[in-house]
């Protein structure tokens, strides 16, 4: 271990000299090799402070950009944060990180919706993958296809859960991956070895690896970082990540690398589908030797989500012009100095979902626990007597036997009608986060049966007022949008009003004389 005073000295250098390099207009933060040598020393026992040299130059070609995307299936947030994981720690010192990012919000926390949202940047309600059984329904392009098509880069993927390649990547476009860049293995070690081979041979510009052993350990022995089987699996994957990082650093001369690491979901007990924080809060790391990437931790009020992967990679490769212009993308750029993130706001619907982390705002009619047991009415004292009554908690919505959270519990819950189970949590959906001017949820209309619906984005014509029929499902809407409202609408990315901004919303038109977006219905303005 490093002596406390030595460690303090080292951290001082890391956080003082690195910004100094950036402020002096170097082309990059300190070389990966210098940082790697220092962090390698931290893993062993040393008797004196490691020597860190300041770098007079930062020899990185900003035109030679490479990307490594690492997905660790089932990596629970608290396990990633509390276990001694030297290689995740390495990543945290190379860029921006959080242990409290979110997963997609409109689907269950399982691999199908999770991986698809991670790889497309969209909510399940937009990309159409709702479970592990409908991966081929994906309707949005994945990041590998985008990078190959837009930038002409060589892309590769190695995974230990085959459907990621077979049903998400290959099914959408079998030409995305070349034959020597498509590998499916039974173990994470095989995936690690292949990634190292690709990096050492300088075969590809973009490498995606999907590691599955942590998720397997969670299903087999429980998602619990305090227990050996799961903890050991997390430690093992950290070692494998270290092997890949060592290869990358050794081959980083003259290259500007972006490393993104996150997961599709967390886990609790032996599964991860329920709506709770253990399943839906995850680690997220963005590391780089680019001067554009911040070093530090994300703020508490904006921890990001795994849907930030796609815009982050595209922004790294091509800046603002590379970001998709289509509406509905839920992610934003994560960790970059030259991008100002917009605050996302939850779209409340207390009767159908929850915006609050503890679900205390939920007023819907779900009346079964996560295990399918019917809830006991709050006014009833049988089979369980209690004090959480409507009279004692008049503002908590304790109606009938509906799931609620009157007392600052972890999430919505209820007493059960099972005499042997006093209470249990409920599976209450979380409301989606929305972003002004690129999200369709601000454009509301009323259907013939009186329900409020949001007009959707359909195709290149950029209109919100068309309906479509999803196979096996009801129509999204039954009539077109009729009113253009300015409520909550702002210009995205804090840019000046433009024709493109207007084109994002069908009922807005561009007034070239006034340089404003105007409503095609009435006189109201589309933008504040």
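The values are calculated or read from the model by the stated rules, or taken from the named source; none is laboratory data. Small disclaimer: the values here were computed from a predicted structure and weren't measured. Using ideal geometry, Cβ is built from the backbone for each residue, glycine included, and neighbour counts are taken over all protein chains shown.
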Do we have any residue at all in segment 119-132 that's crowded, with 19+ Cβ neighbours inside 10 Å and more than 20 Å from the chain's Cα centre (by Cα)?
no
I'd like to check something: does segment 175-187 contain any residue that is outside any loop (DSSP other than H, G, I, E, B), touching a strand residue (DSSP E or B) at 6+ places or on another chain (Cβ under 7 Å), within 30 Å of residue 341 (Cβ to Cβ) and assigned by TED's automatic domain parsing to the domain that holds residue 310?
no
Among the residues of segment 195-207, is any part of a helix (DSSP H, G or I), at pLDDT below 95 and surrounded by 24 or more Cβ atoms within 10 Å (Cβ to Cβ)?
no
Within segment 241-288, how many residues turn out to be out of contact with any strand residue (DSSP E or B) (no Cβ under 8 Å at 6 or more places or on another chain) and farther than 23 Å from residue 192 by Cβ?
7
If residue 393 meets every condition in (1) surrounded by 15 or more Cβ atoms within 10 Å (Cβ to Cβ); (2) at pLDDT 75 or above; (3) touching a strand residue (DSSP E or B) at 6+ places or on another chain (Cβ under 7 Å) apart from one, which number is that one?
(3)
Output for segment 230-246, where each listed residue is surrounded by fewer than 18 Cβ atoms within 10 Å (Cβ to Cβ) and modelled with pLDDT under 95
246
Tell me, yes or no, whether segment 399-415 has at least one residue that is in contact with a helix residue (DSSP H, G or I) (Cβ under 8 Å, 6 or more places away or on another chain), crowded, with 17+ Cβ neighbours inside 10 Å and either within 30 Å of residue 103 (Cα to Cα) or in contact (Cβ under 8 Å) with a residue 40 or more places away in the chain (or both).
yes
Restricting attention to segment 309-321, does a residue exist that is assigned to a loop (DSSP other than H, G, I, E, B), over 24 Å from residue 422 (Cβ atoms) and assigned by TED's automatic domain parsing to the domain that holds residue 261?
yes
Taking segment 341-358 and keeping residues in a loop (DSSP other than H, G, I, E, B), in contact with a strand residue (DSSP E or B) (Cβ under 7 Å, 6 or more places away or on another chain) and at pLDDT 75 or above leaves 353, 355
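The rows are residues; the columns are (1) assigned by TED's automatic domain parsing to the domain that holds residue 404; (2) under 21 Å from residue 69 (Cβ atoms); (3) under 22 Å from the mean Cα position of the chain (by Cα); (4) part of a helix (DSSP H, G or I).
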| site | (1), (2), (3), (4) |
| --- | --- |
| 239 | no, yes, no, yes |
| 243 | no, yes, no, yes |
| 258 | no, yes, yes, no |
| 274 | no, no, yes, no |
| 278 | no, no, yes, yes |
Residues located in segment 300-334, provided they are under 13 Å from the mean Cα position of the chain (by Cα) and within 23 Å of residue 65 (Cα to Cα)
306, 307, 308, 309, 310, 311, 312, 313, 331, 332, 333, 334
Step by step: first the residues of segment 147-165, then only those that are buried (at least 23 other Cβ atoms within 10 Å of the Cβ) and assigned to a helix (DSSP H, G or I), then the one that is farthest from the chain's Cα centre (by Cα). Which residue is that?
147
